[in-house]
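Report on the following structure.
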Amino acid sequence: GGAARDDVSRPGGPADSPFVRACRRRSVPHTPVWFMRQAGRSLPEYREIRANVAMLESCRRPELVTEITLQPVRRHNVDAAILFSDIVVPVAAAGVDLDIVPGTGPVVAEPVRTAADVQRIRPIGRDDVPYVDEAVRMLVKELGDTPLIGFAGAPFTLASYLVEGGPSRTHAKTKALMYGDPELWHALAGRLAEMTLAFLRVQIEAGVSAVQLFDSWAGALSEADYRRFVLPHSTAVLAGLADAGVPRIHFGVGTAELLGAMGEAGADVVGVDWRTPLNVATGRIGPDKAVQGNLDPCLLLAPWPVIEAEVRRILDEGRAAPGHVFNLGHGVLPETDPEVLTRVVALVHELSTRPAEG
Ligand code: CP3
């Protein structure tokens, strides 16, 4: 409603935070920083609270979601929180029988093969994910001026889990369906795009300050195939949120050749992995979008002086972009020492602090 939107737009509020300002290519007091998978197994307090609760079950308990989302914010002084959930949460809400298996990832009981399988993926709305609506509302109250990022999986990455039945290195079944039966592919991706758009709208209505669309596995495709099979569907999601009033981040891994196309889908910010320097990425994405990234998560296992040099390099290269949100190039590894994450946040803030303007 209007009241909530007015409230988040107040000076100093989440819509005026360094994170949202950087996404919008506005001036910032320091480069904002958060970490993909900042909530998770790197934190002992997370391992403790999750000890007797299955992953999907934990995503459906608003109090637990709120506590887990806040854990890294309390610890690290990050500039944004990300809702604790998973990309397959809306897929399960749409009626697909799946589970998240520890150490493996999402596993789908009956992989999608036919048009009838696609038809069975039901449209969703707020009443199908009341726990997400509730968790976001609780979090927005708890977080005060710290912005909350909502997220969803993009059609290609979701389709890969649905067609493969689980994680895949080659995405061979997914590509076989795409090349062998383009009509069925577009029916599946179109349905997933509708679901994703509806799911992100629920989160935006409940008050998130930004959204990130994870197309983690899009880097498996050539640019030509990405443009033909994926871009129209990701565009339906991101361009579909043009009027929603929150910045849209679009992220994938191994996407050096796709960065321009991923920006065209309607992103305000393009996520970049460690393979592409941020100044090179900006050349490919263009001057009208911010970038997010791009420290290699493995680097956090290196000695501190090595990490420090890499953080400096990334901040320098990020100056070529019209806006930079510091992040990793992919998620935090479970074996990461959380104290290193806290130190990286402090270092990014210290190295990037600019004197107030005017
Ligand atoms: O802090 C955050 O970033 C928010 C939490 C978050 C999770 N999943 C929690 C989670 C986010 C943003 C996701 C998105 C997600 N899930 C993606 C896109 C991001 C990416 O990493 O590329 C993908 C591909 C998935 C699918 C998925 N779910 C995988 C590959 C796994 C890991 C399997 C494993 O156990 O190693 C999951 C499970 C999952 N999602 C965990 C967490 C914290 C681990 C489960 C646990 O803690 O028991």
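Worth a mention:
- Unique residue being at pLDDT 95 or above and surrounded by fewer than 17 Cβ atoms within 10 Å (Cβ to Cβ) when the list is N294, N279: N279
- Hits in the stretch 86-116 - residues which are in a loop (DSSP other than H, G, I, E, B), within 7 Å of the ligand (Cβ to nearest atom) and either touching a strand residue (DSSP E or B) at 6+ places or on another chain (Cβ under 7 Å) or on the phi > 0 side of the Ramachandran plot (or both): D86, I87, V88, G103
- Residue satisfying all of: in the stretch 247-268; in contact (Cβ under 8 Å) with a residue 60 or more places away in the chain and more than 15 Å from the ligand (Cβ to nearest atom); farthest from L315 (Cα to Cα) among these: P247
- Residue match in the stretch 335-356 (condition: at pLDDT below 95 and small (G, A, S)): yes
- Taking the criterion of being among the acidic types (D, E) and closer than 27 Å to S85 by Cβ, the residues of the stretch 307-358 that qualify are E335, D337, E339.
- Checked across the stretch 58-67, the condition of being in contact with a strand residue (DSSP E or B) (Cβ under 7 Å, 6 or more places away or on another chain) and on the phi < 0 side of the Ramachandran plot holds for no residue.
- Exclusive hit being in a helix (DSSP H, G or I), among the aliphatic types (A, V, I, L, M) and farther than 17 Å from P123 by Cβ, set A189, A239, A244, A193: A239
- The stretch 20-74: number of residues that are β-branched (V, I, T), closer than 18 Å to N327 by Cβ and in contact with a helix residue (DSSP H, G or I) (Cβ under 6 Å, 6 or more places away or on another chain): 4
- Selection of the stretch 29-57 for residues being in a loop (DSSP other than H, G, I, E, B), more than 13 Å from the ligand (Cβ to nearest atom) and touching a strand residue (DSSP E or B) at 6+ places or on another chain (Cβ under 9 Å) yields T31, P32.
- Hits in the stretch 195-212 (condition: surrounded by 19 or more Cβ atoms within 10 Å (Cβ to Cβ) and over 17 Å from the mean Cα position of the chain (by Cα)): A206
- Test for P72: is it within 11 Å of the ligand (Cβ to nearest atom) and either of a type in the set (G, A, S) or out of contact with any Lys or Arg (no Cβ under 7 Å at 6 or more places or on another chain) (or both): yes
- In a residue-by-residue description of the stretch 309-327, the property of being over 18 Å from R25 (Cα atoms), of a type in the set (S, T, N, Q), buried (at least 17 other Cβ atoms within 10 Å of the Cβ) and modelled with pLDDT of 95 or more applies to no position.
- Single residue of the stretch 54-77 satisfying the filter (among the polar types (S, T, N, Q) and buried (at least 17 other Cβ atoms within 10 Å of the Cβ)) that is nearest to D337 (Cα to Cα): Q71
- Consider the stretch 137-186 and keep the residues that are assigned to a helix (DSSP H, G or I) and closer than 29 Å to G13 by Cβ. The one that is nearest to the ligand (Cβ to nearest atom) is L139.
- The residue of the stretch 333-348 that is farthest from the chain's Cα centre (by Cα), among those that are surrounded by 15 or more Cβ atoms within 10 Å (Cβ to Cβ) and within 14 Å of C298 (Cα to Cα), is V340.
The values are calculated or read from the model by the stated rules, or taken from the named source; none is laboratory data. Here the structure is a predicted model, which is why all the values come from computation and not from measurement. Note: ideal-geometry Cβ built from the backbone for every residue, glycine included; neighbour counts use all protein chains shown.
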